[in-house]
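Undergrad: Can you read through this structure? Questions will come right after.
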Amino acid sequence: MTRLDNAQFMKELTKLVQNNNGKSSIYLTQKRLTSDPQPNDLPHNVIPPTDEDKPANETTYPLLVRVAMNSSDNKKEKQNKVKISTVVENNQLDQFWADYVQVLKNGFIGLKKKDKRRAKRAK
């Protein structure tokens, strides 16, 4: 998996969605990035709001954004799978989300709207 900076990630994502043209699935994942090696760090990290004597948890975490896409020609071979990722810091989130959403809106042209008339007739 290739970890890119935010600008390179947007360029690669734009290329992927334009070249894909609705032929194969693109998997998008986002999660917080922690340096803690424990895989399940949420239960011991959250402080309940009822305890006023304990300090509030004000730790901020960067965001890990991943994109994975199978090749439309041969989905069974793992070597054709494209994986890219980037780490977004908290102070860059607003600009990143604006660019990310715009790339996705422009690239996903193969999506179809649900035909509500047929659904009503079937009932």
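The values are calculated or read from the model by the stated rules, or taken from the named source; none is laboratory data. Just so we're clear, the structure is a prediction, and the values are computed from it rather than from any experiment. Glycine gets a Cβ as well: all are built from the backbone with ideal geometry, and neighbour counts include every protein chain shown. Protein only, heavy atoms only, side chains kept; ligands, DNA and RNA dropped before computing areas. Shrake-Rupley method; radii C 1.70, N 1.55, O 1.52, S 1.80 Å.
Undergrad: Evaluate region 61-68: report whether one residue or more is in a loop (DSSP other than H, G, I, E, B), modelled with pLDDT under 85, in contact with a Lys or Arg (Cβ under 6 Å, 6 or more places away or on another chain) and surrounded by 14 or more Cβ atoms within 10 Å (Cβ to Cβ).
TA: no
Undergrad: How many of the residues in region 71-102 are at pLDDT below 90, open to solvent by less than 100 Å² (accessible area, probe 1.4 Å) and in a helix (DSSP H, G or I)?
TA: Adding up the residues that qualify gives 1.
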